[in-house]
């Protein structure tokens, strides 16, 4: 057992030293792998941050319930009780018709508008914030709330809600699509790199086979070389992504301030960094395994 672990540690050290002996060529290869990882990771952080900000935006879809002008305190209390106990409502606030008129006068600059009208023509209103932003859920909630007693109209910005939901869904799908494409690219890059190494060492491999070396023994150094490439490229991806986040945050914060929101792209969490490293190592070793197995089958058919 000690000999088994010694062979693996020797292969790992030897593979790392080979990478360090050719820093320029290997660095270019690692940068190519890091970029292929950084693009979907950066898009993932952007989509994840956008989903987090969606709940903070002042334009979050809200359903406004306009009460009938003849509604009384008992009607308002009944509607308030229904909204308070509704499972699909995150929050709501009541807007008294006198408060609404004051806000209208303040915005329009017509301070004596109520004097000319004789009475307040505005109704009481409830502004409801739903828990779910999906268009279908909003449509269903709107129809349900419009049936509450003395509610004359229930309206919300359905077009905005659909646009937001469609944008987030599209961005999420593009992220997964890019992840799959670049994962395949990473396998192919490592496959080609290891294939070139195998071709350069095919005489050494042939001699090893003649003296009884097993396929796993021949394959082992190439797998460790790929594993080191995956680890180092993932670390470079982490650094590149952190740099991109730093560069994008000032411009993003300035843009978000126009909408009254404090926004910034978040950094990768430790668990996400560990996942990227494991993902990169597995893909790299998969490419190496495919290249090594192809060579062994081609030159030593059973």
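The values are calculated or read from the model by the stated rules, or taken from the named source; none is laboratory data. As the structure is a computational prediction, the values presented were derived from the model and not from experiment. Heads up, the Cβs are rebuilt from the backbone with ideal geometry, glycines too, and the neighbour counts pull from every protein chain shown.
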* Hits in segment 194-216 (condition: without any contact (Cβ under 8 Å) to a residue 60 or more places away in the chain, touching a helix residue (DSSP H, G or I) at 6+ places or on another chain (Cβ under 7 Å) and either assigned to a loop (DSSP other than H, G, I, E, B) or more than 19 Å from residue 281 (Cα to Cα) (or both)) -> 208
* Assuming residue 236 fulfils every condition listed in (1) surrounded by fewer than 14 Cβ atoms within 10 Å (Cβ to Cβ); (2) closer than 19 Å to residue 16 by Cα apart from one, which condition is it? -> (1)
* Got at least one residue in segment 86-94 being at pLDDT 80 or above, within 30 Å of residue 273 (Cα to Cα) and surrounded by 15 or more Cβ atoms within 10 Å (Cβ to Cβ)? -> no
* What do you reckon, is residue 268 over 20 Å from residue 187 (Cβ atoms), in the same structural domain as residue 197 (by TED's automatic domain parsing) and surrounded by 15 or more Cβ atoms within 10 Å (Cβ to Cβ)? -> yes
* Does at least one position in segment 153-176 carry a residue that is at pLDDT 85 or above, outside any helix (DSSP H, G or I) and farther than 30 Å from residue 53 by Cα? -> no
* Qualifying positions in segment 18-54 - over 30 Å from residue 171 (Cβ atoms), out of contact with any helix residue (DSSP H, G or I) (no Cβ under 7 Å at 6 or more places or on another chain) and modelled with pLDDT under 85 -> 20, 21, 22, 23, 24, 25
* Asked: Can we say residue 143 is within 30 Å of residue 17 (Cα to Cα) and part of a helix (DSSP H, G or I)?
  -> no
* To do: Please state which one of 265, 244, 252 is over 30 Å from residue 199 (Cα atoms) and not in a helix (DSSP H, G or I).
  => 265
